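Student: Pasting a structure below so you can have a look.
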Amino acid sequence: MAATLIIKPSPPFSPLPLPSFPFRLYTPFFKRTTTLFSSPFYNLNHTSSTPVTTFSTIATGPDRITRFDTHEPESDPISTFNDTILKQEFTKRNSGRYNNPHSDSVVTDEEVDKYIQLVKQQQQRGLRELKRGRLRNTGGGSDNNINNINNNNVGFSYKVDPFSLEEGDYVVHKKVGIGRFMSIRPSIPEGSTIPIDYVYIQYADGVAKLPVKQASKFLYRYNLPNESGAPRGLGRLKDTSVWEKRKIKGKVAIQRMVVDLMEVYLNRLRLRRPPYPKNPAMAEFASQFPYEPTPDQKQTEVAQRALFYVVSSGKQAMVLAPTIVLAKQHFGVISERFSKYPNIRVGLMSRFQTRSEREEYYNLIQNGELDIIIGTHSLLGSRVTYDKLGLLIVDEEQRFGVKQKEMIASLKTSVDVLTLSATPIPRTLYLALTGFRDCSLITTPPPQRVPIKTHLSEYSEEKVISAINYELDRGGQVFYVLPRIQGLEEVMSFLEKAFPDLEIALAHGQLYSKRLEKTMARFVDGEIKILVSTNIVESGLDIQNANTIIIQDFQQFGLAQLYQLRGRVGRSNKEAHAHLFYPNKLLLSPAAQKRLEALEECGDLGQGLQLAERDMTIRGFGNIFGVQQTGDIGNVGIDLFFEMLFESLSTVDVHRTRPVPYKSVKLELDINPRLSSEYINNLDNPIEIINGAEKAAAKDTCSLVEYTVDLRRQYGKEPYAMEVLLKKLYVKRMAADIGITRIYVSGKTVVMMTNMSEQVFKMIRDAMLSDIHRNMLVFEGDEIKAELLIDLPKDQLLTWIFQLLAELHSALPALIRY
């Protein structure tokens, strides 16, 4: 007989009575690996507060039907905790950074210690690079200053020079909060006859007057990444409690960011692969490089040798490019390089292929019949299944969209990744400078390359014609780039009148694909002399005869885009020219002027990293995880935020907690109610179920949560005695995660013995959401103590301890747990 299920809202003040008779579901209790619903996250989107009444008719036999009405109980502490854990796991799964909690692969303490030290060493090198950049920007880049930096371990500072502020600028005082700069005026301090300069700052409840010398130690410019909006409100001089809370919130958010990064990279240590065997054929492959290698080697050749190493070991490799034009160029170069190895098969996937051709490629990839697969973001689609992918090469990562970057991130947890870029985006550069990514620099240009000459001027048709004529007279070709498709036709019309006998063509992303491919091929072959385009040409094109580029309205491009566009010329031994035109110098924003200065300073070959550093200082670090931390940064401003971030990185090993074995945790609370015979009779196998709960708790938190969720789905909300048993399991499990070995009660004080340090305790306390619990906790020696105001019955005391540990447990994302 089929079971029927009807769900409807119940009346708000007329709950249905619970049935007085026992009922039993005739289905065996399923284990954690059994799937009843699609996932334990099936109901996370249900946010309605309306109580739900469930009417069920269950078939229990040919002639018996049991009907029962149940009213869903209010949320209890176990359900609240379960929801928190399930949502955390759900977020991890969706982020592409999910680590299976049931994985048997572990990282040893020695490996973690080694990795943390490597991160700290790399971070120190990164900070020195940032300090160098700051000195260059402020004109203090002498050799003596650089030497001082190398010997100076003081934290990198974003403090602002008060004299660089303008009236109305928002600033952050580290101890008071956000204010509005008014002016700097001289005044005679009390007890002196000599005037000194004072900084005047407007706050919500008055004006602060600070000596310039003091202000320079505590003031930061308030701004947000890529934004210029005003803060939510000004700080108060007489009450800094709100500011302290905002600062603590920012500190906790920063710590979570640092730990999240550490978790991602430490989890990768779990993923073991045997080292690739040394291949004697590598020496022969390297000797076929047709050019004289530079000391640090060419970028493309590094990728070629990595490809050879991986595919000759029996793995597949994927080469990902942002545009089909660049993908085809890679295909041509790689195919030629591997032409002497018939057993290594190279393929190009393109939107130009027919459906049947693509299906054929899907099968070849899945069956391992293609070794090197080259293409655009279509290679990341669900239809592409790899047989044994070992290497992912990403060219010009900054050109991919957010969704593609998330797909790339999910692949990075399981394969080796090589990212190539002439100008790494601020986020990538930041991860390298702070130690979370390995970074190698290729700064030596090929022989006979000469720097590109950059020309800046106000736009005029005469200057454009002169620049083009210069290049045509020496037999070359010209790129003409605009920021938008609108305007291309107008430029084409102007050029066709000025050069009626020349072949001129358009290229942009909205062209029919085959027409675009044909146009680019004709430009590469030299048939087209002037290519008018958008920045679709910015990545990777290597056309040695094109040695002049004209960029109109350059102020609308980003710094990295300008650097990449300028790099399209100068690919041979000819001197190349980049002409940057603006409509009116008065229209140039301060940011555009800074971009221009950076381009002029980074005009030598091999300076992509230095230019990326300048880009990072102009537009901020950007978005570290793919979700903008504007709210957290908005609390304190980006400059103070990142200074706090570097401070957190320098003490990353301090905020580390070590879990203890579950069985070593002692809960000294004498409360052991008996399960009722009625409830026991409702369970199919009571002993197995209770032992299973104990085993799940001993394994990890996720196992216990999944087990409890399954139990409640099968039998409904447990009675009081079973709830007590589960709470005790949860308390011991949470204590083990936090590093608490013993919990006991002394009078009105709950005492928890722990292995954590005082710094870890302070971080946990700061991250707690409940002011009540936070204010009750003190740390003494190796104990955390919480004094209650009144004596509580044992069952209420157990619930209170459960809620306290749940609060402490919620702070774990701010700690490294190894």
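Student: Which pairs turn up if I take residues in segment 154-167 that are outside the structural domain of I178 (by TED's automatic domain parsing) and assigned to a loop (DSSP other than H, G, I, E, B) and look for partners that are at pLDDT below 70 and hydrophobic (A, V, I, L, M, F, W, C) with beta carbon separation below 6 Å, at least 6 apart in sequence or on another chain?
Tutor: Matching pairs, first to second residue: F156/L127; F156/L130.
Student: Can you tell me which residues in segment 652-683 are closer than 19 Å to R712 by Cβ and hydroxyl-bearing (S, T, Y)?
Tutor: Once the filter is applied, which keeps residues that are closer than 19 Å to R712 by Cβ and hydroxyl-bearing (S, T, Y), segment 652-683 yields S676, Y679.
Student: Which residues, counting only those in segment 190-207, are surrounded by 12 or more Cβ atoms within 10 Å (Cβ to Cβ) and either part of a loop (DSSP other than H, G, I, E, B) or out of contact with any Leu (no Cβ under 6 Å at 6 or more places or on another chain) (or both)?
Tutor: I196, D197, Y198, Y200, I201, Q202, A204, V207, listed by residue number.
Student: Oh, and also: All but one of (1) surrounded by 21 or more Cβ atoms within 10 Å (Cβ to Cβ); (2) in contact with a strand residue (DSSP E or B) (Cβ under 9 Å, 6 or more places away or on another chain) hold for Y730; state the number of the condition that does not hold.
Tutor: (2)
Student: Let me ask you something else. Starting from residues that are in contact (Cβ under 8 Å) with a residue 24 or more places away in the chain and touching a strand residue (DSSP E or B) at 6+ places or on another chain (Cβ under 8 Å), keep the ones in segment 198-209 and report whichever is farthest from G177 (Cα to Cα).
Tutor: Per the stated criteria, the residue is V199.
Student: Among the residues of segment 509-529, write down those that are aliphatic (A, V, I, L, M) and touching a helix residue (DSSP H, G or I) at 6+ places or on another chain (Cβ under 6 Å). Reasoning before the result, please.
Tutor: Taking segment 509-529 first, the residues aliphatic (A, V, I, L, M) are 511, 516, 520-521, 524, 528.
The answer is M520, I528.
Student: Within segment 386-394, is even one residue farther than 28 Å from N573 by Cα, surrounded by fewer than 20 Cβ atoms within 10 Å (Cβ to Cβ), modelled with pLDDT of 70 or more and of a type in the set (S, T, Y)?
Tutor: For segment 386-394, residues farther than 28 Å from N573 by Cα, surrounded by fewer than 20 Cβ atoms within 10 Å (Cβ to Cβ), modelled with pLDDT of 70 or more and of a type in the set (S, T, Y): present.
Student: Another question, if that's okay. Condition test on I801, is it of a type in the set (A, V, I, L, M), within 26 Å of C702 (Cβ to Cβ), buried (at least 20 other Cβ atoms within 10 Å of the Cβ) and touching an Asp or Glu at 6+ places or on another chain (Cβ under 7 Å)? Let's see the steps before the verdict.
Tutor: Details: of a type in the set (A, V, I, L, M): yes; within 26 Å of C702 (Cβ to Cβ): yes; buried (at least 20 other Cβ atoms within 10 Å of the Cβ): yes; touching an Asp or Glu at 6+ places or on another chain (Cβ under 7 Å): no.
The answer is no for I801.
Student: Identify, please: which residue in segment 789-818 is at pLDDT 90 or above and among the aromatic types (F, W, Y) and is, among those, farthest from I116 (Cα to Cα)?
Tutor: W800
Student: Does segment 310-353 hold any residues that are at pLDDT below 90 and aromatic (F, W, Y), and which are they?
Tutor: Correct list: F352 only.
Student: On to the next question. Would you say A505 is of a type in the set (G, A, S), farther than 22 Å from V325 by Cα and at pLDDT 90 or above?
Tutor: Working: of a type in the set (G, A, S): yes; farther than 22 Å from V325 by Cα: no; at pLDDT 90 or above: yes.
For A505, the condition - of a type in the set (G, A, S), farther than 22 Å from V325 by Cα and at pLDDT 90 or above - is not met.
Here's the yes/no breakdown for (1) touching a helix residue (DSSP H, G or I) at 6+ places or on another chain (Cβ under 7 Å); (2) modelled with pLDDT of 85 or more; (3) closer than 30 Å to Q304 by Cβ; (4) not in a strand (DSSP E or B):
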{"site": "Y220", "(1), (2), (3), (4)": "yes, yes, no, no"}
{"site": "K238", "(1), (2), (3), (4)": "no, yes, no, yes"}
{"site": "M262", "(1), (2), (3), (4)": "no, no, no, yes"}
{"site": "R272", "(1), (2), (3), (4)": "no, no, yes, yes"}
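Student: Of the residues L370, L380, L364, which is within 30 Å of the chain's Cα centre (by Cα) and not basic (K, R)? Let's see the steps before the verdict.
Tutor: Numbers: L370 fails: within 30 Å of the chain's Cα centre (by Cα); L364 fails: within 30 Å of the chain's Cα centre (by Cα).
Only one candidate qualifies: L380.
Student: Check whether at least one residue in segment 338-346 is under 33 Å from the mean Cα position of the chain (by Cα) and either surrounded by fewer than 17 Cβ atoms within 10 Å (Cβ to Cβ) or within 15 Å of H377 (Cα to Cα) (or both), and report yes or no.
Tutor: Here is the first cut: in segment 338-346, the ones under 33 Å from the mean Cα position of the chain (by Cα) are 346.
Now restrict to residues that are either surrounded by fewer than 17 Cβ atoms within 10 Å (Cβ to Cβ) or within 15 Å of H377 (Cα to Cα) (or both): none.
Checked against the condition, which is being under 33 Å from the mean Cα position of the chain (by Cα) and either surrounded by fewer than 17 Cβ atoms within 10 Å (Cβ to Cβ) or within 15 Å of H377 (Cα to Cα) (or both), segment 338-346 yields no hits at all.
Student: Can you tell me how many residues in segment 747-779 are exposed (fewer than 15 other Cβ atoms within 10 Å of the Cβ), touching a strand residue (DSSP E or B) at 6+ places or on another chain (Cβ under 9 Å) and over 19 Å from Q255 (Cβ atoms)?
Tutor: The total comes to 5.
Student: Then there's this: Among the helices (runs of 4 or more DSSP H) contained in segment 642-746, which hold 2 or more residues that are within 36 Å of the chain's Cα centre (by Cα) and farther than 30 Å from Y220 by Cα?
Tutor: Working: elements: 677-682, 686-699, 701-715, 720-738.
Here the list reads 686-699, 701-715, 720-738.
Student: Identify the single condition in (1) over 19 Å from Q759 (Cβ atoms); (2) touching a residue at least 24 places away in the same chain (Cβ under 8 Å) that P793 does not satisfy, given that it satisfies every other one.
Tutor: Checking P793 against (1) over 19 Å from Q759 (Cβ atoms); (2) touching a residue at least 24 places away in the same chain (Cβ under 8 Å), the one that fails is (2).
Student: A further question follows. Looking at E575 and the list (1) over 24 Å from A327 (Cα atoms); (2) surrounded by 17 or more Cβ atoms within 10 Å (Cβ to Cβ), which single condition is not satisfied?
Tutor: It is condition (2) that E575 fails.
Student: Also, quick follow-up: Being closer than 30 Å to Q510 by Cβ and either in contact (Cβ under 8 Å) with a residue 60 or more places away in the chain or outside the structural domain of R571 (by TED's automatic domain parsing) (or both), is that true of even one residue in segment 304-315? Even if it seems obvious, please write down each step before you answer.
Tutor: The initial filter retains those residues of segment 304-315 that are closer than 30 Å to Q510 by Cβ, namely none.
No, every residue in segment 304-315 fails to be closer than 30 Å to Q510 by Cβ and either in contact (Cβ under 8 Å) with a residue 60 or more places away in the chain or outside the structural domain of R571 (by TED's automatic domain parsing) (or both).
Student: Starting from segment 462-474, keep only residues that are in the same structural domain as F581 (by TED's automatic domain parsing), then list their pairs with residues that are in a helix (DSSP H, G or I) whose Cβ atoms are within a distance under 6 Å, requiring at least 6 positions of separation or different chains.
Tutor: I465/A498
Student: For M734, indicate whether it is among the hydrophobic types (A, V, I, L, M, F, W, C) and farther than 30 Å from D710 by Cβ.
Tutor: no
Student: Starting from segment 384-404, take each residue that is closer than 18 Å to H330 by Cα and not assigned by TED's automatic domain parsing to the domain that holds N535 and list its partners that are in a loop (DSSP other than H, G, I, E, B) and modelled with pLDDT of 85 or more, counting only C-beta distances under 6 angstrom and pairs at least six apart or across chains.
Tutor: D395/A321
Residue-by-condition table, conditions (1) under 30 Å from D791 (Cβ atoms); (2) among the polar types (S, T, N, Q):
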| residue | (1), (2) |
| --- | --- |
| N685 | no, yes |
| A693 | yes, no |
| K699 | no, no |
| Y707 | no, no |
| M734 | yes, no |
| I738 | yes, no |
| V745 | yes, no |
| T754 | yes, yes |
| Q759 | no, yes |
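Student: Filter segment 298-316 for residues that are part of a loop (DSSP other than H, G, I, E, B) and either of a type in the set (S, T, N, Q) or closer than 15 Å to K388 by Cα (or both) and give the result. Talk me through it step by step, then tell me what you get.
Tutor: Taking segment 298-316 and keeping what is part of a loop (DSSP other than H, G, I, E, B), we get 298, 312-315.
Residues satisfying the conditions are S312, S313, G314, K315.
Student: If we only count helices (runs of 4 or more DSSP H) wholly inside segment 528-624, which ones have 3 or more residues that are more than 16 Å from I452 (Cβ to Cβ), charged (D, E, K, R) and at pLDDT below 65? Show your work before the answer.
Tutor: Numbers: elements: 559-566, 590-601, 608-619.
Hits in segment 528-624: 608-619.
The values are calculated or read from the model by the stated rules, or taken from the named source; none is laboratory data. Just so we're clear, the structure is a prediction, and the values are computed from it rather than from any experiment. Backbone-built Cβ (ideal geometry, glycine too); neighbour counts: all protein chains shown.
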